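A quick write-up on the structure given underneath.
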Amino acid sequence: MITMNIKQQILMMHIHEGRSRREIAKITGINRDTVGKYIGQYGEGRQQLLASGSADIQSLIDSLTTAPSILWAFDPNEN
């Protein structure tokens, strides 16, 4: 299972260090297609930010690497 921390490391290696997908996959042991998927998600989000006039890249990285919150629709009083 890939943790959010690993996903963040993948993005940092690509963005700040300029590493290729193949290189990142070799370093992390994660499939190159999966690495590409995460980098692609970053690229799509970056394009949306730029189109909206915002350039807060760190917020984008944080949003992509934060685990989604789970909303439970469970009522413990129901049978």
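Observations
- Condition check for Ile39: aliphatic (A, V, I, L, M) and out of contact with any His (no Cβ under 9 Å at 6 or more places or on another chain): no
- Here Leu64 clears all of (1) part of a helix (DSSP H, G or I); (2) at pLDDT 75 or above except the condition numbered (2).
- Residues satisfying the stated conditions in region 26-46, i.e. assigned to a helix (DSSP H, G or I), under 15 Å from the mean Cα position of the chain (by Cα) and under 17 Å from Thr3 (Cα atoms): Thr28, Arg32, Asp33, Thr34, Val35, Gly36, Lys37, Tyr38, Ile39, Gln41, Tyr42
- Being outside any helix (DSSP H, G or I) and farther than 17 Å from Thr65 by Cα holds for only one residue in Glu17, Glu23, and it is Glu17.
- Scanning region 31-59 for residues that are closer than 15 Å to Gln8 by Cβ and aliphatic (A, V, I, L, M), we see that the one that is surrounded by the most Cβ atoms within 10 Å (Cβ to Cβ) is Val35.
The values are calculated or read from the model by the stated rules, or taken from the named source; none is laboratory data. None of these values were measured; they are calculated from a predicted model. Methodologically, a virtual Cβ is constructed for each residue, glycine included, from the backbone with ideal geometry; neighbour enumeration extends over all protein chains shown.
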